[in-house]
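Data block below; observations after.
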Amino acid sequence: MLTLSGAKSAAASAARGRHFRFHWPLLAVIALALSGCMPATTQVAGADPADPAAKVAPVDYRSTIAPYTGLRPATPAPWRDRNDAVTPQPKQDR
């Protein structure tokens, strides 16, 4: 029983080692071939961001609560008057 399990593990490790040796050179050749397809590096930014003399957009202040209007509780008005104030007026041509 021990010899069978030992034979299995030896065969498995030999197969793993052969598999390992086969792929590294192939991967190295593929990586070398694909590295030739890389585009030439270009300058992405116009100016160096670390340059203290670089021109930047001015900073403006905008209030986050500028459009706020207070909605204090209003005195109740008759609902019929409020409803009549917002309904469309009837057309006179008919």
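The values are calculated or read from the model by the stated rules, or taken from the named source; none is laboratory data. Source: prediction; values computed, not measured. Cβ sites come from the backbone with ideal geometry, for glycine too, and all protein chains shown count toward neighbours. Surface areas here come from the heavy atoms of the whole protein model, side chains and all, with no ligands, DNA or RNA. Shrake-Rupley method; radii C 1.70, N 1.55, O 1.52, S 1.80 Å.
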Residue check for residue 65: modelled with pLDDT of 80 or more and either open to solvent by less than 100 Å² (accessible area, probe 1.4 Å) or in contact with a Gly (Cβ under 7 Å, 6 or more places away or on another chain) (or both): no
Qualifying residue in the stretch 23-43 (condition: open to solvent by less than 100 Å² (accessible area, probe 1.4 Å), in contact with an Asp or Glu (Cβ under 8 Å, 6 or more places away or on another chain), of a type outside the set (S, T, N, Q) and at pLDDT below 85): no
